[in-house]
């Protein structure tokens, strides 16, 4: 029997002292929160700090795990998304993210056009001390299950 294989991704909704959100513009997906793959042998929070810094130039202090997204269509992925606070650095574009910006929360959602990333940001903005679990598929994007504060599952 072949062992299941999943990509592990970490992401963060990063806020600065003024409450603005840190967004990157990905070359294919458009605007989104910073996120990326966990490398083999790397701790989740170390990966989170590394990915945010590589994509944005910002150092963070991770906060609570806000959402777990399970992508069921290939390539299967488990996406762990945290809240975080920006604690240093300045927005710096990278090869992966040609634009980096602090954006007011009210302006962030209209910027995000990719359906997966839009749903993810909506989830994070609605976080109220309880982790949300979402299973979804792509092509087309559809939520298959949602358990958490805004659903009847918890």
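A quick yes/no check of all residues on (1) exposed (fewer than 12 other Cβ atoms within 10 Å of the Cβ); (2) free of Cβ contacts under 8 Å to residues at least 60 places away in the same chain; (3) more than 13 Å from the chain's Cα centre (by Cα):
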residue	(1), (2), (3)
14	no, no, no
21	no, no, no
46	no, yes, yes
62	no, yes, no
**Prompt:** From the list 37, 28, 49, which residue is at pLDDT below 95 and more than 23 Å from residue 126 (Cβ to Cβ)?
**Reply:** 28
**Message:** Take residue 85 and tell me if it is touching a residue at least 12 places away in the same chain (Cβ under 8 Å), surrounded by 13 or more Cβ atoms within 10 Å (Cβ to Cβ) and in a loop (DSSP other than H, G, I, E, B).
**Reply:** no
**Request:** Could you tell me which residue of segment 1-36 is nearest to residue 77 (Cα to Cα), considering only residues that are in contact with a strand residue (DSSP E or B) (Cβ under 7 Å, 6 or more places away or on another chain) and assigned to a loop (DSSP other than H, G, I, E, B)?
**Result:** 6
**Request:** Kindly indicate whether any position in segment 49-62 is in contact with a strand residue (DSSP E or B) (Cβ under 7 Å, 6 or more places away or on another chain), assigned to a loop (DSSP other than H, G, I, E, B) and under 18 Å from residue 135 (Cα atoms).
**Result:** no
**Message:** Which residue is surrounded by the most Cβ atoms within 10 Å (Cβ to Cβ), if the candidates are limited to segment 88-115 and must be in a helix (DSSP H, G or I) and touching a residue at least 60 places away in the same chain (Cβ under 8 Å)?
**Reply:** 108
**Request:** Output the number of the condition that residue 134 fails; it satisfies all remaining conditions of (1) surrounded by fewer than 18 Cβ atoms within 10 Å (Cβ to Cβ); (2) modelled with pLDDT under 95; (3) under 14 Å from the mean Cα position of the chain (by Cα); (4) part of a strand (DSSP E or B).
**Result:** (1)
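The values are calculated or read from the model by the stated rules, or taken from the named source; none is laboratory data. Quick caveat: nothing in here was measured; it's all calculated off a predicted structure. Reconstructed Cβ throughout: ideal geometry from the backbone, glycine too, with neighbour counts over all protein chains shown.
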